1. What is the number of the single condition among (1) at positive phi; (2) of a type in the set (Asp, Glu); (3) crowded, with 18+ Cβ neighbours inside 10 Å that residue 252 does not meet?
2. If you check 28, 32, which single one turns out to be touching a Leu at 6+ places or on another chain (Cβ under 9 Å), modelled with pLDDT under 95 and open to solvent by 90 Å² or more (accessible area, probe 1.4 Å)?
3. Condition test on residue 497, is it buried (at least 20 other Cβ atoms within 10 Å of the Cβ) and either of a type in the set (A, V, I, L, M, F, W, C) or not in a helix (DSSP H, G or I) (or both)?
4. Report the residue count in region 237-292 for those that are more than 30 Å from residue 184 (Cβ to Cβ) and of a type in the set (D, E, K, R).
5. May I ask you to list the residues in region 66-77 that are modelled with pLDDT of 95 or more and outside any strand (DSSP E or B)?
6. Is region 287-300 home to any residue that is over 27 Å from residue 128 (Cβ atoms), assigned to a helix (DSSP H, G or I) and not acidic (Asp, Glu)?
7. Does residue 408 meet the test of being surrounded by fewer than 17 Cβ atoms within 10 Å (Cβ to Cβ) and of a type in the set (Gly, Ala, Ser)?
8. Name every residue in region 309-330 that is more than 16 Å from the ligand (Cβ to nearest atom) and either surrounded by 15 or more Cβ atoms within 10 Å (Cβ to Cβ) or among the basic types (Lys, Arg) (or both), in order of residue number.
Amino acid sequence: MPDVRSAIEQRLAAAFDAVHAGANPVLRPSDRADLQANGALPLAKVLGRSPAEIARSVVEELDIADLCDEVEVSGNGFINLTLSTGYLAVRLGDLAGDPRLGIEAVATPETIVVDYSAPNVAKEMHVGHLRTTVIGDALARMLTFLGHDVRRENHIGDWGTPFGMLIEHLVDLGEEEGASELSAGDLTGFYQQARASFESDDGFADRSRRRVVLLQSGDDETFRLWRVLVAGSVRYFDTVYSKLGVQLTDDDIVGESYYNDMLAGVVEELEAKGLLVVHDGAKCVFPPGFANRNGDPLPLIVQKSDGGYGYASTDLAAIRHRVLDLGAKRMLYVVGAPQTQHFQMCFAVAAMAGWLTDEAQAIHVSFGNVLGADGRMVASRAGGTITLVGLLDEAVDRAREAIAGRRSADPNNETGSDDDQIATMVGIGAVKYSDLSTDRGRDYVFDWDRMLAFEGNTGPYLQYAYARIRSIFRRGEVSVPAPAAPVLRDPHERALAIALLWLPVALDDTLATYSPHKLCSYLFEVASTFTSFYENCRVLVDDEAQRTSRLILCDLSARVLSLGLSLLGIEVPERM
Ligand code: ARG
């Protein structure tokens, strides 16, 4: 069954079509009624009539009495629609019996690659990697829920010339010591020491250069050492992932090195297609429309003059592999904004090569920087730089304190044996939610106090809203009623009904631009609407029909919050 917005839009579109073919009404929530359509304004010029006149003609054609109680045209040609309370109640009854809460699976599932996280071996995972991990995971969850065949790909940086120096440093440190430094998360220390030796010690630098050659020529012992490096780092990444509760596993690791054997083929194919130009000795493609500051065309370097391959070669091979071998119809690259030009150029070249088409699209899901409260890097409580694991542990500690502080003020507080688990859900949820709820295009300030606040558009507020609803059932010793259409008499009940029915619409809007903050705003709206309902409508009333009806609204609110948060990768506690 179509969601409420689509149901209304279909009727409106038919009526608009009767007035003027191809008109496209846009529907939004409104303060004046429940919904507002503004399709008349753009037609005014075409038809030489006033928007209000056109809107009135549309309304004459409109067959919508089963969905709307009132339809009214405003002076400037907007069509204001008041949904029928009976219709809302019936739809809510359906929702109550639907574990998917109205979100239908797609009719034609697609293979979709989500390229996210992608930290670099033996280099610190920074807060930027936190963002890609959290956003990518949320998008992967939503697309999976819709029934798509989602492939999570962790394109880790596990190849390149620095590996000569890193392997030599590993040899000097001793394998065991080196690997444990890496898996403990001291990646910065490891990398910087390797760099320091490279710069101060000529012998080390020579060994490092020879090592690169050995690595590239596939020397067994060198490969073994390289694998020790990768495995040590991956253990650290896994610690971060499991603390974060993201769904990436080692099976999702398809790092840069995976494409080594495909690189020569990519160059050959580009050559055969006549796209390669030799520029300063390097093999390049010049995609139209890219220029440097002086207006000179910009090359995408596919093979360097020394025969080596770089970041762009690997990404071209990845696109080709994903489309031709995996059958991907969509590829989402959840990577920070500084790499915008890199991806635009790769995508342009891939389109020239015929790998990207209307049927196989690549989208750069870019995001802004994470800043500390002072506009600089995020620091630990002690003031020093902080590893990602350290940051996540600190989040849980702070959540524990915040919950304890709140409980001491609450006479009904329910402490229990699962307090650690609750602190983890709230701390990690707060970090993820603060990231997801910011428009990904914008920079975002990492602010402990704001993310852990129990008021406003925060993770703890939504988790608390959920737990509070569950406590209504627990404390009232009532169970969830069997699914049925609730009675909507009070305006607060009605407002809540509309909010609850909007979940599939919110998910659609979120995925239309891959913007998780839209789902966050929606869930915040649900929680706020629930709060006003709860403050204005007593739930555990004597009248049984009304009590059942309100309990259904409570349960649906909890389920919408819990499903919505789970699509963002955030867990909900049963009590807080
Ligand atoms: N490893 C890169 C970095 O840390 C991100 C890789 C993103 N994915 C890709 N296919 N290029 O910046």
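The values are calculated or read from the model by the stated rules, or taken from the named source; none is laboratory data. Not measured: the values here are computed from a predicted model. Methodologically, a virtual Cβ is constructed for each residue, glycine included, from the backbone with ideal geometry; neighbour enumeration extends over all protein chains shown. Keep in mind that these areas ignore ligands, DNA and RNA; they rest on the heavy atoms of the full protein, side chains included. Shrake-Rupley method; radii C 1.70, N 1.55, O 1.52, S 1.80 Å.
1. Unmet for residue 252, out of (1) at positive phi; (2) of a type in the set (Asp, Glu); (3) crowded, with 18+ Cβ neighbours inside 10 Å: (1).
2. Values: 32 fails: touching a Leu at 6+ places or on another chain (Cβ under 9 Å).
Going through 28, 32 in turn, just one is touching a Leu at 6+ places or on another chain (Cβ under 9 Å), modelled with pLDDT under 95 and open to solvent by 90 Å² or more (accessible area, probe 1.4 Å): 28.
3. yes
4. Number satisfying all stated conditions: 7.
5. Once the filter is applied, which keeps residues that are modelled with pLDDT of 95 or more and outside any strand (DSSP E or B), region 66-77 yields 66, 67.
6. no
7. Working: surrounded by fewer than 17 Cβ atoms within 10 Å (Cβ to Cβ): yes; of a type in the set (Gly, Ala, Ser): yes.
Yes; evaluated as a whole, the condition is true for this residue.
8. Across region 309-330, the qualifying residue is only 329.
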